[in-house]
Amino acid sequence: MKFFIDTASLDEIREAHDMGVLDGVTTNPSLMKKEGAEDFHAHIKAICDLVDGDVSAEIVSTEYDAMVDEAREVAQIADNVVVKVPLILDGIKTIKTLSDEGIRTNCTLCFSPTQALIAAKAGATYISPFIGRLDDISSDGMKLIREIVQIYDQYGYETEVLAASIRHPMHVVESALAGADVATMPLDVIKKLLKHPLTDSGLERFLTDWEAYQQEIGQ
Ligand code: G3P
């Protein structure tokens, strides 16, 4: 399973990259606003220079011609940029055009299996089902991941399932069990993946015993 970080913060991306387990980055307009970068293209380029893997950069046009123009510009920022396109009618048309041109896409704001099916048929590189936002409205985000994986497997679609809107480690575990190709998550969730209280208490006991053992043998 690939791990992406869901942020536009260069510091957070560096920190995750330094752990040695980072495969890519996803951004969106809200994350760009939070970061406050003045030059969108320059900021995405800086992210692309930090990581070897794919970096999703979202377009904000909502009509086909403008979406395709904007997407072509974004695609030129770097070789590892992936154009993030919202799952609306003009977005699907845009993904089809970009796919035919060899431009890679991340189809975002997916909340149903039918949406995911259409995105795959249009040739999206990634589909981004938003687990947490479905859970927020008393729906079942994980069920959506399972359904998309099953549908894609059944028909051999190459579109990768990118579990998004992940809020906690169990979302990652269940996405992995369901067969999602990628999980994108905030830095705090990445850090939580390796935490276990028994690891901490176990290490503390090992180190205490080692110290006592050294004293016993006179070291
Ligand atoms: O980047 C898309 C997605 O991961 C957003 O997550 O937490 O805003 O629902 P969230």
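At a glance:
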item: Matching residues in segment 18-32 - criterion: being part of a helix (DSSP H, G or I) and either within 14 Å of the chain's Cα centre (by Cα) or within 12 Å of the ligand (Cβ to nearest atom) (or both); result: P29, S30, L31, M32
item: Test for A163: is it in contact with a strand residue (DSSP E or B) (Cβ under 7 Å, 6 or more places away or on another chain) and without any contact (Cβ under 8 Å) to a residue 60 or more places away in the chain; result: yes
item: Complete set of residues in segment 119-142 that are more than 12 Å from the ligand (Cβ to nearest atom) and part of a loop (DSSP other than H, G, I, E, B); result: G123, A124, T125, S138, S139, D140
item: Qualifying residues in segment 1-17 (those that are among the hydrophobic types (A, V, I, L, M, F, W, C) and outside any strand (DSSP E or B)) - the one farthest from V51 (Cα to Cα); result: M1
item: Some residue of segment 48-62 being among the hydrophobic types (A, V, I, L, M, F, W, C), away from the ligand (no atom under 14 Å from the Cβ), touching a strand residue (DSSP E or B) at 6+ places or on another chain (Cβ under 6 Å) and in a helix (DSSP H, G or I); result: yes
item: D100 being at pLDDT 95 or above and touching a Gly at 6+ places or on another chain (Cβ under 7 Å); result: no
item: Single match in M1, M32 (criterion: surrounded by fewer than 17 Cβ atoms within 10 Å (Cβ to Cβ) and either within 27 Å of T97 (Cα to Cα) or touching a residue at least 40 places away in the same chain (Cβ under 8 Å) (or both)); result: M1
item: The lone exception for L89 - which of (1) under 30 Å from T114 (Cβ atoms); (2) of a type outside the set (D, E, K, R); (3) within 16 Å of the ligand (Cβ to nearest atom) it fails; result: (3)
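The values are calculated or read from the model by the stated rules, or taken from the named source; none is laboratory data. This one's a predicted model, so the numbers in the text were calculated from it and none came from an experiment. When we count neighbours, we look across all protein chains shown, and the Cβ atoms used for this are built from the backbone with ideal geometry, even at glycine.
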